[in-house]
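Please read the structure below before turning to the comments.
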Amino acid sequence: MLVETGHGPRLSAASHSKRLPYDRSGVSPGIVHLGVGAFHRAHTAVYVDDTLTLDPSWGIVGASLRRPDTRNALAPQDFLYTLVVRDGSGASARVIGSLLDVLDAETQRDALIRTLADPCIRIASLTMTEKGYCHDAATGALDDRHPEIVHDLEHPEAPVSGPGLLVRALDLRRAAGFAPFSVLSCDNLPANGSTARGIVAAFAALRGHGLGAFVEAEVAFPSTMVDRIVPATTDADRLMVFKATGVWDAWPVVTEPFTQWVVEDNFPNGRPLLESAGVQMVSDVRPFETAKLRMLNGSHSTLAYLGYLAGYEFVSDAIADSGFRALIHGLMTDEVMSEVPPGVGDLGAYRDALLGRFANPGLKHRTWQIAMDGSQKLPQRLLGTIRGRLAKRLPVVRAALGVAAWMRYVTGFDERGREIDVKDPLAKRLRLIANSAGAAPQALVDGLLGITEVFGNDLARNDIFRSLLISHLTSLFDHGAASTVKFVTQDR
């Protein structure tokens, strides 16, 4: 029976399970995914969905770590949702059924831990975003002073952090004699598998009882590289899906045609037949990961900060500006590509494909959304390129502009004096530094470079980098983002 809403019949198992290419009633959980958001539902869950006709034992139980919004939206529709793939020529839609349940970690913590500890779960996958790892973004090490880590060490049976939840479940599995699940990080972290291993093992060691050694010896942490642009879902997207399908979906996801997933093949306790869905199973993910983080993500962040400051709401609008396009083309060609290791194919073709993806008018990817959590993203997206080139005495003019644009953005006010809603784990600290510096570029640069968990101890001492930031920031304050972009591209 269809579920009625104010808009019309609602997506449900009764109306759509028979339209799936597999019998959903026969799908059982094999994966718990921490951090169910738009990206996971448009990427990882889609690949898994494509494998269920071959092996239905790999359904997903999701977990929302911060808010119950996803569970509240999807529970009335049996956790089915619509995937919309859209570009300038139109859109296509399909229903995804791989997500079997979503648990709210705040109100269903015990159920989540029991599920993670169940031997049927063989993979715990993660899209917690960089801040969910409770780590020092500059070093990749666990931040043992992080409030959530402090809480979890004091209350190990009632964890609130991602590392705490994983270690609690692994401890229960070890005590019961069950094999550990593999931990599959799908976040934009350098060497995300080994980074996750280091963080989880360090937390486990702090817990004691031999847990650290157990994690190091027994738990697999395969690295991955994920790539798909997924904007936040809007009410306009929901209405579009309803008009196209005649069924109301409270939380569809909209994405681009391009999708890529590269995975290190290291799953001692089994895995879905991912290669059947187009996943690249490899022995070393690192070259792909570096290319993506530095070329796509680094360019995306640079475009987001400068584009937002210049008044562009969407990425496609910013890249349509010839000056911005020239800047991003030059950033990738002249600065980033030299810092990408060999083995990922034609970087020029990859660059051109990225420029085309940024220009997709169907995505409506907001610059403000990409600008979130910059303090956690900069080390992976831009600072690696900058360090590599500075060590070789090569120019970093464009990459430094991306960092300077972040510094201008986190002052909290745009070029018209309107307040910016800066979403960042360090937002209060960033605002205090900005308020203390006022409109003095040198003071702002020195204050922000002093955040060692973002910039480490080296970059503040590099006179070339510091001077570039002061020069760019002065121009951003005095002339604005659009004019600064024009100055930089004309000078090259």
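Here are some notes:
- Dividing the summed helix terms, -39500 (n - 2.57) for each DSSP H run of n ≥ 4, by the number of residues in the chain produces a 222 nm estimate of -12500 deg cm²/dmol to the nearest 500.
- For the range 286-491, the spread of Cα positions along each principal axis, largest first, Å: 47, 38, 33
- Sequence-distant residues sharing a close amide H with ASP101 (under 5 Å, placed H): GLY62
- What you get for the range 252-306, charging only the Cβ of Lys and Arg (+1) and of Asp and Glu (-1), is a dipole of about 160 debye around the Cα centre.
- The per residue volume of the convex hull around the alpha-carbon atoms of the chain is 146 Å³.
- Of the trypsin sites (Lys or Arg not before Pro) found in the range 95-152, the ones in coil according to DSSP and having at most 12 other Cβ atoms within 10 Å of their Cβ are ARG145.
- Sparse-neighbourhood loop sites, trypsin sites (Lys or Arg not before Pro) in the range 387-419 - DSSP loop, at most 14 other Cβ within 10 angstrom: LYS392, ARG393, ARG416, ARG418
- Cα gyration tensor shape of the range 360-451, rounded if a/c is under 1.5, else prolate or oblate by comparing a/b with b/c: oblate
- Cα centroids of the range 84-126 and the range 173-237: 16 Å apart.
- Helix 192-207 axis, angle to the chain major axis (alpha carbon atoms, nearest 10°): 70 degrees
- Of the beta bridges in the chain, as assigned by DSSP with both residues counted there, near 40 percent are antiparallel.
- Pairwise label distance in nanometres, LEU54 with LYS392, each label 7 Å out on the Cα-Cβ vector: 3.9 nm
- Each of LEU426, PHE455, ALA443 was scored by the projection of its Cα onto the charge dipole of the range 362-482, and the greatest displacement toward the positive side belongs to PHE455; charges sit on the C-beta of Lys, Arg, Asp and Glu.
- Length available on full extension from MET281 to THR107: 0.36 nm per residue minus the Cα-Cα distance, which gives 59.0 nm.
- Spatially proximal lysines relative to LYS243 (Cα-Cα < 23 Å; intrachain offsets below 8 disregarded): LYS18, LYS364
- Degrees between helix 347-358 axis and first principal axis of the chain (Cα, 0 to 90, nearest 10): 80 degrees
- For the peptides 350-363, 275-288, residues were scored by their other Cβ atoms within 10 Å and the scores averaged per peptide; the highest-first order is 350-363, 275-288.
- Rounded if a/c under 1.5, otherwise prolate or oblate - the range 3-282, Cα gyration tensor axes: prolate
- Dipole magnitude (debye, nearest 20) for the chain, charges at Cβ of Lys, Arg, Asp, Glu: 560 debye
Values in this text are rule-based calculations from the coordinates and carry no lab data. From a predicted model like this one, the values you see are computed outputs, not experimental measurements. Note that we place each Cβ from the backbone using ideal geometry, even for glycine, and neighbour counts take in every protein chain shown.
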